[in-house]
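The values are calculated or read from the model by the stated rules, or taken from the named source; none is laboratory data. Every value quoted in this text rests on a predicted model; they were computed, and no experiment measured them. Methodologically, a virtual Cβ is constructed for each residue, glycine included, from the backbone with ideal geometry; neighbour enumeration extends over all protein chains shown.
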Amino acid sequence: MIPGISITEILTLSTILFFIGIYGFITRTNLISILISVELILNASVINFVMINKYLYPDILQGVLYALFIIAVAAAETALAVAIIFNLYKQTSSVEVKETETMKF
């Protein structure tokens with residue numbers, strides 16, 4: 001369907017993005033880095049939705065609509081997470097996970 005790009009190449013890209021996001025989520029201790037890793041995971045799912053829609057049902061835009069919904073949810077999640085991180089930074093002067101675990105409310 002897409003000239004010059006096979007479905008295997010797109011699935012490989014999506015899988016690489018997904019596992020980079022998983023690796024970053026597990027290994028990072030900075031809250032901003034963890035947020036970026038979650039965004040990579042969501043972007044990998046968006047690529048999968050659009051790719052599967054394009055190859056299976058090229059005339060229907062259902063996969064694209066799902067992708068737009070995921071992007072909207074990711075934007076809202078990012079705005080909320082950044083606001084929480086800013087608030088934590090005001091209280092602890094750090095964005096490290098270890099610093100927030102010992103915080104008393």
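Things to note:
- Within region 24-80, the only residue that satisfies the criterion of being without any contact (Cβ under 8 Å) to a residue 12 or more places away in the chain, more than 16 Å from ILE7 (Cβ to Cβ) and in contact with a Gly (Cβ under 8 Å, 6 or more places away or on another chain) is SER33.
- One residue stands out among those in region 52-102 that are part of a helix (DSSP H, G or I) and of a type in the set (Asp, Glu): the one that is nearest to LEU40 (Cα to Cα), which is GLU77.
- Region 36-73, residues that are under 14 Å from the mean Cα position of the chain (by Cα), of a type outside the set (Phe, Trp, Tyr) and more than 20 Å from LEU13 (Cα to Cα): ALA72, VAL73
- The residues listed here are GLU101, GLU77, GLU96; of these, the one that is at pLDDT below 90, surrounded by 11 or more Cβ atoms within 10 Å (Cβ to Cβ) and out of contact with any helix residue (DSSP H, G or I) (no Cβ under 6 Å at 6 or more places or on another chain) is GLU96.
- Of all residues in region 1-28, those satisfying the criterion of being exposed (fewer than 12 other Cβ atoms within 10 Å of the Cβ), among the polar types (S, T, N, Q) and either within 20 Å of TYR57 (Cα to Cα) or over 17 Å from the mean Cα position of the chain (by Cα) (or both) are SER6, THR8.
- Residue match in region 31-47 (condition: modelled with pLDDT under 90 and over 24 Å from ILE16 (Cα atoms)): no
- Members of region 9-36 that are assigned to a helix (DSSP H, G or I) and not hydrophobic (A, V, I, L, M, F, W, C): GLU9, THR12, SER14, THR15, GLY21, TYR23, GLY24, THR27, SER33
- Residue count for region 38-72, restricted to those that are surrounded by 14 or more Cβ atoms within 10 Å (Cβ to Cβ) and among the acidic types (Asp, Glu): 1
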